[in-house]
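Novice: Attaching a single structure in structure tokens format; questions to follow.
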Amino acid sequence: MAAKAEICSILEWDSTFFGVTIARVNPNRLDEQTALQVMDWCREKQVRCLYFLADSADVATLRLAEKNGFYLTDIRVTYARSTNGLEARLTMDPGVRPAFPEDIPALRSISSSSYRDSRFYYDGHFPRETCDRMYATWIEKSLSGYAQAVLVHGPAGQPEGFVTCATTPPDAQGKIDLVGVSDKARGRGIGQILVMESLYWFAAQGITTVQVVTQGRNIPAQRLYQKCGFLTSEVGFWYHCWFG
């Protein structure tokens, strides 16, 4: 008989990076018994911060989350689109290329100021500069294997924007984790060019479905993905709970 899955999981990377024990609730719905189990588990593991991605359609879950000290930090909007009709191309848009190691300083700079709408900034407990550094670290690690490809727009060492491309086994869906454009390059359509080039990249890998996630408060990002043919596929609510 398979072992029973734990009600929550410790997030090792988040815990190490932020310097406190961070965990996540595994199911996306709560009932009275499950909520008690979650709280008991966190006390036993001495969890400091708990993430919960709740099913936004289940009213009982949302009320129980708030009753037990969770507060809303983000509306998570998932977009998806098919790559059908996108023929693999041998050449990219002339302004787009794979990222090089010499791009890392500029990519870190773009990343550190591109995600201020995320739940980590809205949580209120994570220092702003630490959140900046988290996203700068994320894009650097994307070049080291977190992503299967990082495409950038701009000359070597001076990229103006980027998009990361990853696949999610076992279903082999495509996933865009990060899209960023420098402040001075915004308004020129670079984000749309990069997202479309990522779709061609996924098509060349035989990936038929691509997903991207953004925040409900991030209207510009939502409009970008809609322009690129993405449709909303799921909405969830991110809650955080702090202990002690």
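Novice: Are there any helices (runs of 4 or more DSSP H) wholly within the stretch 73-167 with 1 or more residues that are in contact (Cβ under 8 Å) with a residue 24 or more places away in the chain and among the β-branched types (Val, Ile, Thr), and if so which?
Specialist: Answer list for the stretch 73-167: 104-111, 128-141.
Novice: Which members of the stretch 210-244 meet the condition of being more than 23 Å from Asp117 (Cα to Cα) and at pLDDT 95 or above?
Specialist: Passing the criteria: only Phe243.
Novice: Ser233: surrounded by fewer than 16 Cβ atoms within 10 Å (Cβ to Cβ), of a type in the set (S, T, N, Q) and under 30 Å from Leu11 (Cα atoms), yes or no? Before the answer, list the steps.
Specialist: Values: surrounded by fewer than 16 Cβ atoms within 10 Å (Cβ to Cβ): yes; of a type in the set (S, T, N, Q): yes; under 30 Å from Leu11 (Cα atoms): yes.
It is true that Ser233 is surrounded by fewer than 16 Cβ atoms within 10 Å (Cβ to Cβ), of a type in the set (S, T, N, Q) and under 30 Å from Leu11 (Cα atoms).
Novice: Could you count how many residues in the stretch 170-189 are closer than 15 Å to Val152 by Cβ, touching a residue at least 60 places away in the same chain (Cβ under 8 Å) and not in a strand (DSSP E or B)?
Specialist: Number of matching residues: 1.
Novice: Given the criterion farther than 26 Å from Phe202 by Cβ, surrounded by 15 or more Cβ atoms within 10 Å (Cβ to Cβ) and assigned by TED's automatic domain parsing to the domain that holds Val179, identify the matching residue among Tyr122, Tyr146.
Specialist: From the options Tyr122, Tyr146, the qualifying one is Tyr122.
Novice: Report, by residue number, each residue of the stretch 128-186 that is within 13 Å of the chain's Cα centre (by Cα) and hydrophobic (A, V, I, L, M, F, W, C).
Specialist: Once the filter is applied, which keeps residues that are within 13 Å of the chain's Cα centre (by Cα) and hydrophobic (A, V, I, L, M, F, W, C), the stretch 128-186 yields Met134, Trp138, Ile139, Ala147, Val163, Cys165, Ala166, Ile176, Leu178, Val179.
Novice: Hey, another quick one. Exactly one condition in (1) surrounded by 17 or more Cβ atoms within 10 Å (Cβ to Cβ); (2) outside any strand (DSSP E or B); (3) not small (Gly, Ala, Ser) is false for Thr214; which is it?
Specialist: (2)
Novice: If you go through the stretch 42-68 one residue at a time, how many are part of a helix (DSSP H, G or I), crowded, with 19+ Cβ neighbours inside 10 Å and of a type outside the set (Ser, Thr, Tyr)?
Specialist: Result for the stretch 42-68: 4.
Novice: Now, a different point. Give the residue that is surrounded by the fewest Cβ atoms within 10 Å (Cβ to Cβ), with candidates limited to residues of the stretch 159-187 that are modelled with pLDDT under 95 and of a type in the set (Asp, Glu).
Specialist: Only one residue tops the list, namely Asp171.
The values are calculated or read from the model by the stated rules, or taken from the named source; none is laboratory data. Since the model is a prediction, treat every value here as computed from it, not as a measurement. All Cβ positions, glycine included, derive from the backbone under ideal geometry; neighbour counts span all protein chains shown.
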